[in-house]
Amino acid sequence: MRHGTLFLKAAFIMLAGIMISCGDKQAKQTDTPDVKKAEPTMLDRESITNIVTEIYAIVGGEIEVKMDINETFCSKEWNKLVSEVNKNDEQKHNGEVGFFDCDYWLQAQDYGNVSISDIDVDFASADNATVNFVLHNLGTETPMQLAFINENGKWVVDNIIKKGENAVNMKQEMKVYLSEEQKMDKQ
């Protein structure tokens, strides 16, 4: 009889232990906080700096490549907006100067001795960065900013902003232009 009571106590302790450990596992699974994205690294900073340097080497004619800079280096949303603006201009303003009256990368119609300096990468989050720099073109210095997003694990340009005097936010300007063109169609 004594062995039977001892056996029941041992079985009860074992069963209680199993229930507690299962309950802990379930609690741990439901109580875990959402996993945060990793913070940007020096590799992200270096990657973005290299992208900006490569873009302006291509735009300035230092590197000759057979690629579409927008398709290679820009976000899907940027490319969609550029495509919509170009399509609008072809249909409604064929043969006229359209929205893009200069090269938006250079903020000019002509170029020569293109270079960039004072590159500064700043991360707003793990998926958003801004790059401020000075664009040198034909003896002028233009403060610029490129907005980057991390799209499917790849850093891409999502906006081009000319800073300082006569500031231009290209993405915002494209959206306003398309909206105004649509309003004119309805009249």
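The values are calculated or read from the model by the stated rules, or taken from the named source; none is laboratory data. Remember, predicted model here, so these are calculated numbers, not experimental data. Virtual Cβ from ideal backbone geometry, glycine too; neighbours counted across all protein chains shown. SASA here: full protein model, heavy atoms, side chains in, ligands and nucleic acids out. Shrake-Rupley method; radii C 1.70, N 1.55, O 1.52, S 1.80 Å.
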Quiz item: Along region 121-135, what does the Karplus equation 6.51 cos²θ - 1.76 cosθ + 1.60 (θ = phi - 60°) give for ³J(HN,Hα), rounded to whole Hz, x for Gly and Pro?
Solution: 9, 10, 9, 7, 7, 5, 10, 9, 9, 10, 10, 9, 7, 10, 9
Quiz item: Put a dot 7 Å past each Cα toward the Cβ at N50 and A124; how far apart are the dots in nm?
Solution: 2.5
Quiz item: Can you give the extra length, in nm with one decimal, that the chain gains between M184 and N169 once fully stretched, where that is 0.36 nm per residue apart less the Cα-Cα distance?
Solution: 3.2 nm
Self-check item: Where Rh is the Kirkwood radius over Cα pairs, Rg/Rh for region 97-180
Solution: 0.99
Exercise. Would you mind telling me the share, in percent, of accessible area of region 63-187 contributed by carbon and sulfur at probe 1.4 angstrom?
Key: 44
Exercise. May I ask which of K66/K175; K66/K171; K66/K87; K66/K186; K163/K183; K87/K163 have a Cα-Cα span longer than 31 Å here?
Key: K66/K186
Quiz item: How long is the gain from N113 to F100 if the chain were fully straight, where each residue apart is worth 0.36 nm and the alpha carbon distance is subtracted?
Solution: 2.5 nm
